[in-house]
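To start, the structure itself, in structure tokens.
A short reminder: the numbers here are calculations on the coordinates, not readings from a lab. Since the structure is predicted, the reported quantities are computational estimates derived from the model, not experimental observations. Every residue, glycine among them, receives a Cβ derived from its backbone with ideal geometry; neighbour counts consider all protein chains shown.
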Amino acid sequence: MAMRCPRCRATAKTRTSVELSVLVRRSYHQCQNMLCGYCFTSMTEIDGALNQTQPVAGATLPQELLPPSHQGESAESNAA
Ligand SMILES: [Zn+2]
């Protein structure tokens, strides 16, 4: 996610981030304006659902063909 520096409004690059919980992530940013260089953190929170989805009954996927990051966990353990 692109952020702007709160001091000079230049583009700030996200250097890294850490997941604090299933709903909250902290990101670390650095201003790209070399005369500023301000470093700051931001928080991203999932605060609502826009829809409700359910797998189609009986549907299957070739999980071994999907990257691990796309396989997720069971819906019961991801209740948000
Ligand atoms: Zn700046």
Using the basic label-point model (7 angstrom from Cα toward the beta carbon), what is the residue 38 to residue 61 distance in nanometres?
4.0 nm
Surrounding net charge for residue 44, when Lys and Arg each add one and Asp and Glu each subtract one, Cβ distance under 12 Å:
-1
So what is the relative contact order of the chain, in percent, for Cα pairs below 8 Å that sit 6 or more residues apart?
20 percent
Give me the dipole magnitude in Debye, nearest 20, for the range 1-46 about the Cα centre, with unit charges on the beta carbon: positive for Lys and Arg, negative for Asp and Glu.
200 debye
